[in-house]
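Written below as structure tokens is the structure these notes are about.
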Ligand SMILES: Cc1cc2nc3c(=O)[nH]c(=O)nc-3n(C[C@H](O)[C@H](O)[C@H](O)COP(=O)(O)OP(=O)(O)OC[C@H]3O[C@@H](n4cnc5c(N)ncnc54)[C@H](O)[C@@H]3O)c2cc1C
Ligand code: SF4
Ligand code: SF4
């Protein structure tokens, strides 16, 4: 059995601590909108007692957990519910085989490579209703699920040709851009580089691959572990040279900080070092400003925007650093979302059987956006941005793009 | 007074009594079984849950070992769905003498108990929590057997074959005419009605209470109750039975039974089979023994402690008192030969594993006394439909998931969340037993046996029972309080960490939210800790 190892045992055995208080279920965005999902307490600690490594199991409801991690955060007794769910799903997939659709959704990288090569033509099928209908029927990707467009020029290509502002920066940063920046939204990466260099950092982009989270959440633990190990090997030389890792996708950085150890069960000094030295871009900037008592000056931006912190951000235990920095922009007014979750949770909402659940979860957020009618919605996670844009018709950008905009010219 | 007649009358609805009734009815006797409580109300419902391979006894009691392996094979065929084929291992921990494993292997061979020593990695890779310093591992065909399932299957089979099973009927006296038992005086404990059942043969299978029945016939039978305490750990820390490879001792077996794993037992002679509180030192002792098998054992959640009494027959009455030294094997006592009273046979000693064999010996003797020759067929005839599979842990989860795919939480909500018991099961259980006693429902469905110990399911099930059986509110409050009292008894020795938090939450629900201690007379029902004990 390769899926469960000794460290996931620690996760699964945390079911021992559950006292059934229901706090997790009351906070779960999925349980709130559908009867198909019995909730974190049920599929987590409760069903865990009935799971058996050696016997056939029909562990279906856990697949409706979207992995947002809220339950683990709110549990007052230390039950690692979301992690337990991820392990249970992986065990189930290991036994039953991973569906083709999950395999596709778990591999943004090879898909991205083909897509960017052939853009803009590769964007066509995703815009064609009959093809989308066929996709839903054959592989189960919902016909209305919004997809991003491939870009013609990858971020890494741009980076190699760009002239760095700061060659001997005081802080050495290796930027973990993730797949979405490279293949779909190079503009986010450009903004990150611009901001970091502006504040005196020396930026490098190490060789890297997909963080592995899409595979992990689609149940392919072994394959995800390979990606994780490869990233660790590629990033470690930088850590030894006193670089810190900074990422702009809250989900990629969470994988590096938390999931590699706590869900995929990787152990050892390297993975710990990586976890310790990985920062979200705003977490990093906030530290930088306070540590170095920088008082950054921003241009006035007369705009009203809406900020939705993605759910994974909570599991970073760093508060909402983006709001602290946005507040420094003169003229900018922004509302912060009080919705728990936009619903999509990575690739969850793209799946035919889950699309409606994700939409229903997102309703609270969409209504708030509607009420405030902002010019743009800011969000740190790519899949959330695409989902929000697809359901509100309001443009959604990464908050760092706004910061880059506000830098003095 | 009402009068009834039955050829064979069995006293006791435990493993032995049910097996005896099954044997008798299959030999064509008109059969009736009386039990003062519910099925498995006595020792059978409180045992360790191990279907012995015989391994435990190969060195100390070879005769028992041979009985066990033979019956182990038979029970797997006749009550398959009560048995989980877990296998068992004898392991040498750093605290055990490694040489004993050789003695053990030789003895297994001599007694015909299949035993195979395998590389320790085979077991240690499967059972990650076990002590990595275990040096020898020997596999034997132990299994886990759920007593509630087993007794329910047997009772069902007996009734299908035409025997009568009367629960909550206590034997209060024997009718003796011309030196022969010819009837039994019975009290229906629910209605207090008393009546006589005439019979040609009484089979006393009342376990630790056997002496009471013998006394009704004017005989003196010394059955020393030997208390054995066990602790159920909240999860399955192992998926196979793990025995220490050493001479049988206290606290040396860990058995996965359903969702829990049970460490046991102690063995202490006690005065009465009805009162034997658990001592704190027993709990500490058992948890410490667990540490030898699983380092860090104590940090896992100990869910419930309980004890059962071994019905150990002392033929020398008044001699030795250490109950493990008494004979473990069973014996049929013929009160004609012993006390000059015919028509009464008593079964003493034995094990859960050997229940069928005990019944066979008992009914063979009954046939002899009734001067009839009828062969025993219980070993060849399954009590369940052909093709029934063994139990496995994920079974309940699978069933629930499959039905959940059709229904939703709204059409068949889960009543007991910890043990995944849906409303339909609760209703079916109450319908079948017509009992308002929630403990009966627990034995039938496992309701209330999980981590919250009734905190969230008891009031729900109580509400359903109240509606179905048209109870008065006072009645319903009392049955609820009684159930919680039972649950609390099992938790009282284990109040630290999460179990303590759990108790606080449960107490808050029943005391502060539902005000149960104001609606029932708590003078006779101890509902959670009182000021004194708290
Ligand atoms: C701690 C412990 C652990 C054990 N572990 C194992 C094990 O792992 N494996 C194994 O094979 N064996 C084990 N045993 C032994 C096994 O549990 C018993 O041998 C077996 O359960 C005895 O069953 P029984 O039917 O004879 O007695 P019981 O189950 O006690 O049945 C007797 C019944 O008679 C009823 N009764 C009494 N008086 C009256 C009356 N006057 N009128 C009507 N009914 C009456 C009682 O209510 C009771 O239900 C263990 C025993 C103990 C104590
Ligand atoms: S991770 Fe999120 S969706 Fe999954 S059970 Fe927890 S709260 Fe619910
Ligand atoms: S919040 Fe934690 S303790 Fe409470 S029910 Fe959920 S898992 Fe159990």
Item checked: Given (1) within 30 Å of residue B:356 (Cα to Cα); (2) touching a residue at least 24 places away in the same chain (Cβ under 8 Å); (3) surrounded by 17 or more Cβ atoms within 10 Å (Cβ to Cβ), number of the condition residue B:100 does not satisfy -> (1)
Next item on the list: Report the residue count in region B:229-286 for those that are over 26 Å from residue B:104 (Cα atoms), within 14 Å of another protein chain (Cβ to nearest Cβ) and in a loop (DSSP other than H, G, I, E, B).
Entry: 5
Next item on the list: Quick one: count up the residues across region A:65-94 that are closer than 16 Å to residue A:48 by Cβ and away from ligand 3 (no atom under 16 Å from the Cβ).
Entry: 4
Check: Looking only at residues in region A:73-88 that are in contact (Cβ under 8 Å) with a residue 60 or more places away in the chain and surrounded by fewer than 24 Cβ atoms within 10 Å (Cβ to Cβ), which one is farthest from the other protein chains (Cβ to nearest Cβ)?
Finding: A:73
Next item on the list: Being over 30 Å from residue A:34 (Cβ atoms) and away from ligand 3 (no atom under 16 Å from the Cβ) narrows it down to one of B:411, B:377, so name that one.
Entry: B:377
Note to self: Can you find, within region B:30-46, the residue that is nearest to ligand 2 (Cβ to nearest atom) among those that are surrounded by fewer than 24 Cβ atoms within 10 Å (Cβ to Cβ) and assigned to a loop (DSSP other than H, G, I, E, B)?
What the structure shows: B:38
Notebook entry, point to check: For region B:426-446, does any single residue satisfy the condition of being under 21 Å from the mean Cα position of the chain (by Cα), surrounded by 21 or more Cβ atoms within 10 Å (Cβ to Cβ) and within 12 Å of chain A (Cβ to nearest Cβ)?
Noted result: yes
Margin query: Quick check on region A:208-250: of everything there that is over 17 Å from residue A:177 (Cα atoms) and buried (at least 22 other Cβ atoms within 10 Å of the Cβ), which residue is modelled with the lowest pLDDT?
Written below: A:219
Margin query: residue B:93 - would you say it is in contact with a helix residue (DSSP H, G or I) (Cβ under 8 Å, 6 or more places away or on another chain), buried (at least 24 other Cβ atoms within 10 Å of the Cβ) and outside the structural domain of residue B:438 (by TED's automatic domain parsing)?
Written below: no
Notebook entry, point to check: On the given criteria, is residue A:46 surrounded by 24 or more Cβ atoms within 10 Å (Cβ to Cβ) and either near ligand 3 (Cβ under 8 Å from one of its atoms) or facing chain B (nearest Cβ under 9 Å) (or both)?
Noted result: yes
Checklist line | Lone unmet requirement of (1) more than 7 Å from ligand 2 (Cβ to nearest atom); (2) at pLDDT 90 or above for residue A:11 | finding: (2)
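Here's the yes/no breakdown for (1) away from chain A (no Cβ under 14 Å); (2) within 16 Å of ligand 3 (Cβ to nearest atom); (3) at positive phi; (4) under 14 Å from the mean Cα position of the chain (by Cα):
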| residue | (1), (2), (3), (4) |
| --- | --- |
| B:12 | yes, no, yes, yes |
| B:15 | yes, no, no, yes |
| B:35 | yes, no, no, no |
| B:43 | yes, no, no, yes |
| B:59 | yes, no, no, no |
Checklist line | Residue tally, condition surrounded by fewer than 21 Cβ atoms within 10 Å (Cβ to Cβ), in contact with a helix residue (DSSP H, G or I) (Cβ under 7 Å, 6 or more places away or on another chain) and either facing chain B (nearest Cβ under 8 Å) or in a loop (DSSP other than H, G, I, E, B) (or both), over region A:24-43 | finding: 3
Item checked: Residue check, residue B:499 within 30 Å of residue B:263 (Cβ to Cβ), buried (at least 17 other Cβ atoms within 10 Å of the Cβ) and not assigned by TED's automatic domain parsing to the domain that holds residue B:263 -> yes
Next item on the list: Need at least 2 residues that are within 16 Å of ligand 2 (Cβ to nearest atom) per element, so show me which helices (runs of 4 or more DSSP H) inside region A:52-149 make the cut, counting only ones lying wholly within it.
Entry: A:70-74, A:81-96
Notebook entry, point to check: Where in region A:192-306 are the strands (runs of 3 or more DSSP E), entirely inside, with at least 2 residues that are within 30 Å of residue A:80 (Cβ to Cβ) and touching a residue at least 24 places away in the same chain (Cβ under 8 Å)?
Noted result: A:244-247, A:278-280
Margin query: Let me confirm something: among B:270, B:241, B:309, which residue is surrounded by fewer than 23 Cβ atoms within 10 Å (Cβ to Cβ) and either under 17 Å from the mean Cα position of the chain (by Cα) or touching a residue at least 24 places away in the same chain (Cβ under 8 Å) (or both)?
Written below: B:270
Next item on the list: For residue B:516, state whether it is away from chain A (no Cβ under 14 Å) and in contact with a helix residue (DSSP H, G or I) (Cβ under 6 Å, 6 or more places away or on another chain).
Entry: yes
Check: For region A:325-409, which fully contained strands (runs of 3 or more DSSP E) count at least 3 residues that are over 25 Å from residue A:210 (Cα atoms) and touching a strand residue (DSSP E or B) at 6+ places or on another chain (Cβ under 7 Å)?
Finding: A:332-336
Next item on the list: Considering only residues that are modelled with pLDDT under 95 and touching a strand residue (DSSP E or B) at 6+ places or on another chain (Cβ under 7 Å), look in region B:348-362 and name the one that is surrounded by the most Cβ atoms within 10 Å (Cβ to Cβ).
Entry: B:348
Checklist line | residue A:95 in contact with a strand residue (DSSP E or B) (Cβ under 7 Å, 6 or more places away or on another chain), surrounded by fewer than 24 Cβ atoms within 10 Å (Cβ to Cβ) and more than 7 Å from every other protein chain (Cβ to nearest Cβ) | finding: no
Notebook entry, point to check: In region B:388-425, how many are away from chain A (no Cβ under 14 Å) and free of Cβ contacts under 8 Å to residues at least 40 places away in the same chain?
Noted result: 2
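The values are calculated or read from the model by the stated rules, or taken from the named source; none is laboratory data. What you are looking at is a predicted structure, and each value in this text was computed from that prediction instead of being measured. Cβ: placed from backbone, ideal geometry, glycine included. Neighbour counts: every protein chain shown.
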